[in-house]
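Trainee: Have a look at this one.
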Ligand SMILES: [Fe+2]
Ligand SMILES: [Fe+2]
Ligand SMILES: [Fe+2]
Ligand SMILES: [Fe+2]
C-alpha cells in the first residue's frame, strides 16, 4: 500500500481500483467479498415510549339563552330570555398519549482512518521504497520503519484517482435525534353544574314549565382530540463504534529501493487456493486490521459487532407541550322550573332553553420521558469494506516477490 500521490508510478505495480474508498476486512474464507455501509442509525427499543399526562380541567360558561321562550302573564321570578351563566369549573380529565417509536438520525460509519493507494504487484518486483505493509513481529525488517501516520488507525483506500495520506474518521460517534410527537386519545370532561343565571329578575306566578331565575344546568364538555407539539430528545450519548479488530504493525520500506523481507504480510484478494508458493496464510481473529502504535500492541483486539446509545437528558427526559384546547359543551338538564306568576305579560326562559356552552382554553401538562435506544444490528456500523486474505512471506526465499493480485 502506498501513502503518496496517485500520479506517482511504481514499475511493476498498478493501482487496485476495486479497493478505492474501501476499508480492508479480514476473511478466513476467500477474498473478494464486499460489505459494510456508509452510515447507520438506531430506532427506539421495544414499543417506544409515551408520556403520561397531568389531569386538567376547564371553566365553562353559557352564553345568552338560545332555547325555548314561554310567554307568561304577570310579573314572574323566572330567568329572562337574555340570561347567561358565568364560568364554573368542569370536572377533571386525564387524556392519554399514544406511544411513539423515535428514530435517530444517521451517522457516518468511518472509524479513524488513513488513506492509502492499494497497489498490486505483477510478481516480478520487490515492494517499492516508501510502501507500507503489515508486520506481526517486534523485530522490524532491516531498513524498514514504523510510520507515525497510521498508528491507531485503519487503512482505507483513497477515493478513485485520489492521493493517499489523508486522515479522518473517529472511533466514537453520536447521533442527532429526529423530532417526534405523540397522538393523543380522545378526552371529554364528565358533566358538571353550571353557575347560576345573571339575568334580570322577574316576579310572577308560574303555570308553565318555565326556568326560575336561580336555575343551573348540568353540562358536559364534548370530547375532542387535543394536539401535542413535536419534541426532540435533547442529548444522546457518544459511544464507541469500532468494528471487531486485531492489531498488526504497519511498517514502511525505507531501504531506498525495492525490498520483500521475510515475514512481511501482504494482501491477497482472490481465492485461498491461489496463494502462491513462498507465502502462507496469516490468520487473525478480528474482522478488521487496526494499525498498532508499536510492536507491543500486535495481536491486541477490540471493537464490537453492535453498539447502542442512551438518552442522557437530565430531569426526566424530553417533554411535549400540548397545544391549548377548549371544548364545546352540551346541556344535559336544567335544575329547576316553575316560579310564581303574578300578573302581566312577560317572555321568560322555558326549562328547555339552552345556551352555547364554551370552555376556557387549557394546555394539559405532559410528563417527561427518557427514551431507550436499541442496539444497531450486527455490523451495521461497519464501513464499506473489501474482504481480503493476509499472506505472510516465508523465511529465506529471496526470489519470492509479492505475487500478482497481492497488494502490499
Ligand atoms: Fe450509533
Ligand atoms: Fe380538556
Ligand atoms: Fe340557563
Ligand atoms: Fe416523546
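Trainee: Pairs needed: first member in the range 318-334, without any contact (Cβ under 8 Å) to a residue 60 or more places away in the chain; second member anywhere, away from ligand 4 (no atom under 15 Å from the Cβ) and assigned to a strand (DSSP E or B); C-beta distance under 7 Å; at least 6 residues apart or different chains.
Mentor: What qualifies is 324/362.
Trainee: Where in the range 326-371 are the strands (runs of 3 or more DSSP E), entirely inside, with at least 1 residues that are under 24 Å from residue 91 (Cα atoms), modelled with pLDDT of 80 or more and more than 14 Å from ligand 3 (Cβ to nearest atom)?
Mentor: Counting at least 1 such residues, we get 357-359.
Trainee: While we're here: Being within 27 Å of residue 10 (Cα to Cα), more than 16 Å from ligand 3 (Cβ to nearest atom) and at pLDDT below 95 narrows it down to one residue among 140, 96; which is it?
Mentor: Sole residue among the options that is within 27 Å of residue 10 (Cα to Cα), more than 16 Å from ligand 3 (Cβ to nearest atom) and at pLDDT below 95: 140.
Trainee: Name the pairs whose Cβ atoms lie under 8 Å apart, with the first residue in the range 37-56 and under 30 Å from residue 190 (Cβ atoms) and in contact (Cβ under 8 Å) with a residue 12 or more places away in the chain, the second away from ligand 4 (no atom under 14 Å from the Cβ) and in a strand (DSSP E or B), and 6 or more positions between them or separate chains?
Mentor: Listed pairs, sorted by first residue: 55/93; 56/93; 56/362.
Trainee: All but one of (1) under 25 Å from residue 382 (Cβ atoms); (2) surrounded by 14 or more Cβ atoms within 10 Å (Cβ to Cβ) hold for residue 271, so report the exception by its number.
Mentor: Only one criterion is unmet by residue 271, namely (2).
The values are calculated or read from the model by the stated rules, or taken from the named source; none is laboratory data. None of these values were measured; they are calculated from a predicted model. Reconstructed Cβ throughout: ideal geometry from the backbone, glycine too, with neighbour counts over all protein chains shown.
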